[in-house]
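The block underneath contains the structure these notes are about, expressed in structure tokens.
The values are calculated or read from the model by the stated rules, or taken from the named source; none is laboratory data. Bear in mind that the values here come from a model prediction, so they are computed numbers and not experimental data. Because the Cβ atoms are built from the backbone with ideal geometry, glycine has one as well, and the counts that use them run over all protein chains shown.
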Amino acid sequence: MEAAPKVGAADDAIAVLRETTPFGDASEALLARIAAISRVVRYGAGARIYSADDTADDVFIVVSGCAEHVFKPEVGAREALKRMGRGGVFGWAGLLLGQTRRLATVTASEPTEALRIDTEALVRLLESEPLEGGHVMERFATMIQREFAMPALLAQVRRLSGPLTEEMSSLSLTMYRLSLWLRSPRPYLMLIGFALFLSFWYLAVEVWKLPRFREMPGITGVVKEWFAPSPTYGLSLYTGEYYQHIAMSVWRVTQAFFLATVLGVPVGLLLGWSRKFKEYVFPLFETLRPIPILAWVPLAIVMFIATESAVVYLAFLASFFATALNTMLGVESIDESYVRAANCLGASRWQVFRHVIIPGALPFIFTGLQISIGVSWFSLVAAEMVSGQYGLGYVIWTSYVMVRYPTIVIGMVTLGLVGYTTSAMVRIVGDYLMEWRVRELALAER
Amino acid sequence: MKKMLSNPMLWRGVASIAVFLILWEIGSRSRQWMAPELFAPLKELLGAMGFKKDYLPWIGAVPAPSAVLKSWLEVVGDMSYWHSWYMSFFRVMGGFIAAMIIGIPFGLSLAMSRTAHGISFPVFEVLRPIPPLAWVPASIIFWPTQESAITFITFLGAFYTIVINVLGGARSIDVRYFQAAQSMGSSRWDIFRRIILPGTLPSIVVGSAVGMGITWEVVVAAEMISGGGSQIGGTRGGGLGFFIWLSYVGGSYEQIVVGMISIGIAGFISSELLRWGGRYATPWLKVR
Amino acid sequence: MRRPPAASTRGHILIEDVVKVYNPMGAAMLAVDHCTLEIEPGEICMIVGPSGCGKTTLLNAIAGFHEITSGRIVMDGEVLCSTERPKARPGPDRIVVFQNGALFPWKTNLENVVFGPVMQGKLARNEAIDKGRAMLADAGLSGVEHNYPGEVSSGMRRRVEIVRALMNDPKALLLDEPYRALDSLTKSVMHEALLEIYYKNKVTIFFITHDLEEAIFLGHRVAIMTTRPCKPKKVLNVDIPHPRDYGVLTSKRFRELIEETNEAVHEEALKAFQAGEKEG
């Protein structure tokens, strides 16, 4: 059945590997390494190469001749028979998740020469090549699904483990998605959208001078002012004062957000976890919540002798309600089965809290935190407009009062940018803490 | 009724609100609660950390619940108080309905067409972090009347929330409904009318409830800002936000709290109306 | 009725005259009606009945998630719950495998599997990891240790969940329609996998299903329950010898057993349909 392996056939091996789907675009170096661990075998016409349910030990690549590959019926492949010539790859069952046995019976219909590669050795080799290894596995998966028409459920390939590949996969996942995004029409549509918006602004205010738009600050004015080394109204990217205002607002939001999270998350967790606590506290909570934060402004000014703390208090209040509420919803949304399962497995009440409730509520908590920081900015701006001395809200209002129109827009745009950045930072922290969810969502991407 | 009264849950809630009111009463009356002197060491610590020494609140300055109640009973007879209610409600409804009329179709069109989404959504997302109140000066410059300026701000507040919720709702419609409709030969318009619209309705309702809350926040702020700090014509803004501001300026602290609670109640009423309307529009969700 | 010889001595469950009455919104609803059932140690006992008939209630009572109204449940001589103490304490001697799976999505498969012994302090963490790795490999799951449950197929998730339970050396496994959401292809693979696992670890298996074929294929005995209120209508002794495989499904004896019981099952299903039972 098998002939003795030929010596010195490395170049031939590399050549045929190039013609296969999984290894088609691998580097020379990788192919050389694979060739080194492969051996050539020969089969006579009609010889049985392997049978279904044998142990899956080697991967085969047809060098010459023809192999007939017949799936066993349980596999549910669309076509059971597949004939393969040079470059055909079979015997990859060992690469699939949870498979240790052959899924098909393969016979040589004519005299056939093939490369045999030990599966475990191949996997180890691929694990040692972080970027390329993952790529080759992906190509295997695609080949199995497309060329062999196997149901996707059974055709999942093993995940290469190893510290380097673990890190790489998050990075390469991002790079891969980025490259997909760049190849789609989306970035160009985005540019069109912005172009339309900005040109409308330009045309309406400065060129056509439409009725109400006439008095608005024009885009050229704003841009000139913003980028001017010595701006007419004193505020631009070059002035120190600009950054002082930004810093002031950011510092206030940070304080408010920090306090709101430190107080709001535990309160929310308790509200969700303990029925007694909820019965006592929630009615009070819900009575205070509908009062708009800004209705607190005069009272806050009265309560807090320093306007600084009043402003922070207002931002805090809004954040606190949003955080606590969302945390509570997060805890309540945890499927009871998880808690029950933990109980079955012998976890104490505290262990359930730590290992089930907190991680389970985390997605909601982070949604709440993103809302909370948005709401925080919202309240802060209002508070600054009414009673601040520094900060972006103050800038916007005083610019209006002092008839410095371009600066209004500078303030607004800066506010948008800074607000977005802080929100994105919260989201990034969340993504980092909840890697499992990012992966799950990536797989389910519509 | 009897069953409701004997429910321990109800009493616990009442108990904590009662405790809250009592503490508040004591705090205001004592006028020394959390006074600067009491917290001297803590304030030193804060000072050392770089915070201003007067960081902590002084509850003593807050009027007591009893005083608030008395003030409220006085105000209830005053016509201008109810006029404020009317003005605020009017603005809220105006802005909110505008946000629904423009926001829902906008959101749906973004959900239906990938091209429209690709062009409009990035611009939308870039504008969204700018708080509606930051638009106040621009709005005042642009719109001819103060009323329309305030309505525009309230519109903005609700608009963003409604669009996001509509998008979310449309995306989450089970793709099998579409497939079922297509296999039964529905036209694009049919699919829109019979699947997308009802499918998005629950999210629209939720978005509206949240948007309504934001609208109230914005109305109050807009009224305070344009009424309180404005230099533009002495026209009475009216509305509950303006009421609070006047009370503050006039030194009647009890009335401030009256105003605050009034707005809370008004907001609650409008949210309930909305939820009730929502239940009417989506009867199929009642079955649980 | 001849019973198969006891394959082990642990995991004897006695359900004695159990009654469960629910009070949803004031109207009393009888879910379980004087149900008596005895399960031998190491036996695979299948509970078959239409949806919403109260079989999950029974499982929940054994597991300790719900109270019983009267009667008692005893395992290996120890009273789990009774009229005096109506709620059992959930514990690692009888572990539930849930219908929609309850692997913790925020832990990797390996971390899930070692959860039980580590939480109870029975094993040190690295010992648990070694044992976990070995058991996963035994079940043919060695490639997925470091994946999150959300990344692997549902069939695989079920198997990991079973391994997670077995890591605690339980007396009994309580399975609540675990394969209901899987397609029939994966289901048949799962059945064989479950039997393989069972042959290596002789635990008592209490398995709820509405699929009669699944019940007869897997079980030593099959108890067919009436529609709500729930009570054993007919108990079938499946005398096809273990170890069983795929081929059993087409054997003559299998077909005969189905014929015997089909009518009883269908009768109850019809009653449930007419009563308009909601999925329970």
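Tabulated results
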| item | result |
| --- | --- |
| Test for A:S309: is it within 25 Å of B:G211 (Cβ to Cβ), in a helix (DSSP H, G or I), polar (S, T, N, Q) and at the interface with another protein chain (Cβ under 10 Å from one of its Cβ atoms) | no |
| Extreme residue, farthest from C:A31 (Cα to Cα), among residues of region C:239-277 that are aliphatic (A, V, I, L, M) and in contact with a helix residue (DSSP H, G or I) (Cβ under 9 Å, 6 or more places away or on another chain) | C:V248 |
| Test result for B:V92, within 14 Å of another protein chain (Cβ to nearest Cβ) and surrounded by fewer than 18 Cβ atoms within 10 Å (Cβ to Cβ) | no |
| Qualifying residue in region B:215-223 (condition: at pLDDT 80 or above, of a type outside the set (A, V, I, L, M, F, W, C) and under 17 Å from B:M100 (Cβ atoms)) | yes |
| Residue list for region A:221-266, restricted to those being of a type in the set (S, T, Y), surrounded by 17 or more Cβ atoms within 10 Å (Cβ to Cβ) and touching a Pro at 6+ places or on another chain (Cβ under 8 Å) | A:Y233, A:S236 |
| Residues of region A:378-396 classified as closer than 15 Å to A:G234 by Cβ and either more than 9 Å from every other protein chain (Cβ to nearest Cβ) or at pLDDT below 85 (or both), total | 3 |
| Test: residue in region C:237-246 that is surrounded by fewer than 18 Cβ atoms within 10 Å (Cβ to Cβ) and part of a strand (DSSP E or B) | yes |
| The lone exception for C:D138 - which of (1) at pLDDT below 90; (2) more than 27 Å from A:R101 (Cβ to Cβ) it fails | (2) |
| Subset tally (residues that are assigned to a loop (DSSP other than H, G, I, E, B) and more than 8 Å from every other protein chain (Cβ to nearest Cβ)) for region A:330-377 | 2 |
| Positions within region C:90-125 being in a helix (DSSP H, G or I), in contact (Cβ under 8 Å) with a residue 12 or more places away in the chain and surrounded by fewer than 22 Cβ atoms within 10 Å (Cβ to Cβ), in sequence order | C:L110, C:Q120 |
| Conditions (1) β-branched (V, I, T); (2) surrounded by fewer than 24 Cβ atoms within 10 Å (Cβ to Cβ); (3) more than 10 Å from chain B (Cβ to nearest Cβ): number failed by A:I301 | (3) |
| Residue match in region A:281-290 (condition: surrounded by 23 or more Cβ atoms within 10 Å (Cβ to Cβ), over 29 Å from the mean Cα position of the chain (by Cα), outside any helix (DSSP H, G or I) and within 7 Å of chain B (Cβ to nearest Cβ)) | no |
| Only listed residue being at pLDDT 75 or above and away from chain B (no Cβ under 11 Å), chosen from A:S170, A:S236 | A:S236 |
| C:R158 more than 13 Å from chain A (Cβ to nearest Cβ), in contact with a strand residue (DSSP E or B) (Cβ under 8 Å, 6 or more places away or on another chain) and among the charged types (D, E, K, R) | no |
| Residue within region B:137-148 that is under 23 Å from B:G213 (Cβ atoms) and either crowded, with 21+ Cβ neighbours inside 10 Å or at the interface with chain A (Cβ under 8 Å from one of its Cβ atoms) (or both) present | yes |
| Region C:126-138 residues that are assigned to a helix (DSSP H, G or I), paired with ones that are polar (S, T, N, Q) (beta carbon under 8 Å, 6 or more apart) | C:R133/C:S142; C:L136/C:N109; C:L136/C:S142 |
| Residue in region C:164-183 that is crowded, with 23+ Cβ neighbours inside 10 Å, of a type outside the set (S, T, N, Q), assigned to a helix (DSSP H, G or I) and at pLDDT 85 or above present | yes |
| Near pairs, Cβ below 6 angstrom, 6+ apart or cross-chain, from region B:187-206 (of a type in the set (S, T, N, Q)) to any residue that is surrounded by fewer than 17 Cβ atoms within 10 Å (Cβ to Cβ) | B:S203/B:G168 |
| Only listed residue being surrounded by 23 or more Cβ atoms within 10 Å (Cβ to Cβ) and among the hydroxyl-bearing types (S, T, Y), chosen from A:T307, A:T327 | A:T327 |
| A:A77 part of a loop (DSSP other than H, G, I, E, B), crowded, with 16+ Cβ neighbours inside 10 Å and in contact (Cβ under 8 Å) with a residue 12 or more places away in the chain | yes |
| Condition met for C:S153 (surrounded by fewer than 21 Cβ atoms within 10 Å (Cβ to Cβ), touching a residue at least 40 places away in the same chain (Cβ under 8 Å) and either over 30 Å from C:V21 (Cβ atoms) or more than 9 Å from every other protein chain (Cβ to nearest Cβ) (or both)) | no |
| Number of positions in region B:106-123 that are surrounded by 20 or more Cβ atoms within 10 Å (Cβ to Cβ) and either within 9 Å of chain A (Cβ to nearest Cβ) or touching a Lys or Arg at 6+ places or on another chain (Cβ under 9 Å) (or both) | 4 |
| Test: residue in region A:121-131 that is within 27 Å of the chain's Cα centre (by Cα), more than 13 Å from chain C (Cβ to nearest Cβ), in contact (Cβ under 8 Å) with a residue 40 or more places away in the chain and surrounded by fewer than 18 Cβ atoms within 10 Å (Cβ to Cβ) | yes |
| Hey, B:A134 over 30 Å from A:A315 (Cα atoms) and assigned to a helix (DSSP H, G or I) or not | no |
